[in-house]
Amino acid sequence: MKLSDIADNAGSRKKRMRVGRGIGSGKGKTSGRGGKGQTARSGVRIKGFEGGQMPLHRRLPKRGFNNIFRLDFAEINLDRLQEAVDAKLVDAKETVTVESLVKAGVIRRAKDGLRLLGRGELKAKLAIEVHGASKSAVAAVEKAGGTVKILAPAKKEEGEAA
């Protein structure tokens, strides 16, 4: 096999349709956009317009609300924490915090804090600092001989997007 023998599979690359290049091309004159008017122009189009009938998005009732004070916590389960200890990503002798878990690559980002959840079991004795924890998670950590310290949730700055 030579370098000149290498080629794509037949049909794997399709040529782009060139519009507005005469009658014979099959996409000449209006370039597949039909007649005149708003939809023939570039950039403008009425989205959700139903020919003057009340559009669906206006016929449906408004529902619910968005709580701008809602905190979005990063979550970690006990089994995931135990895996991190077994893989030596987390040092069992030091306090486990959000920052240490992010640095170790156990969780991706801190968000508004960390919440400890109770799935799985914990064998390691850990001192954990979190912004929230379920009762079962606290019980499991204390059963393993560790401690859980609940921190106040990080307050959002004024004007920060929710």
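The values are calculated or read from the model by the stated rules, or taken from the named source; none is laboratory data. This is a predicted model, so every value here is computed, not measured. Backbone-built Cβ (ideal geometry, glycine too); neighbour counts: all protein chains shown. These area figures cover heavy atoms from the full protein model, side chains too; ligands, DNA and RNA do not enter into them. Shrake-Rupley method; radii C 1.70, N 1.55, O 1.52, S 1.80 Å.
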May I ask you to evaluate 6.51 cos²θ - 1.76 cosθ + 1.60, the Karplus curve with θ = phi - 60°, for each residue of the stretch 50-65 and list the ³J(HN,Hα) values in order in whole Hz, giving x for glycine and proline? 10, x, x, 5, 4, x, 4, 5, 9, 6, 7, x, 6, 9, x, 8
Which percent of the accessible heavy-atom area of the chain goes to carbon and sulfur, probe 1.4 angstrom? 51
In whole percents, the bins of 10 Å from zero upward hold the Cα-Cα pairs of the stretch 95-157 as 22, 54, 22, 2
Mind ordering 107-115, 41-49 by average Cβ neighbours within 10 Å, highest first? 107-115, 41-49
Roughly how compact is the chain, stated as its Cα Rg over 2.2 N^0.38 Å to two decimals? 1.93
What pairs in Lys111/Lys135; Lys103/Lys125; Lys14/Lys47; Lys62/Lys111; Lys111/Lys143; Lys103/Lys123 have C-alpha atoms more than 26 Å from each other? Lys14/Lys47; Lys62/Lys111; Lys111/Lys143
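How many Å² of accessible area per residue for the stretch 31-127, probe 1.4 Å? Walk me through the numbers on the way to the answer.
Working: 7520 Å² over 97 residues.
I get 77 Å² per residue for this part.
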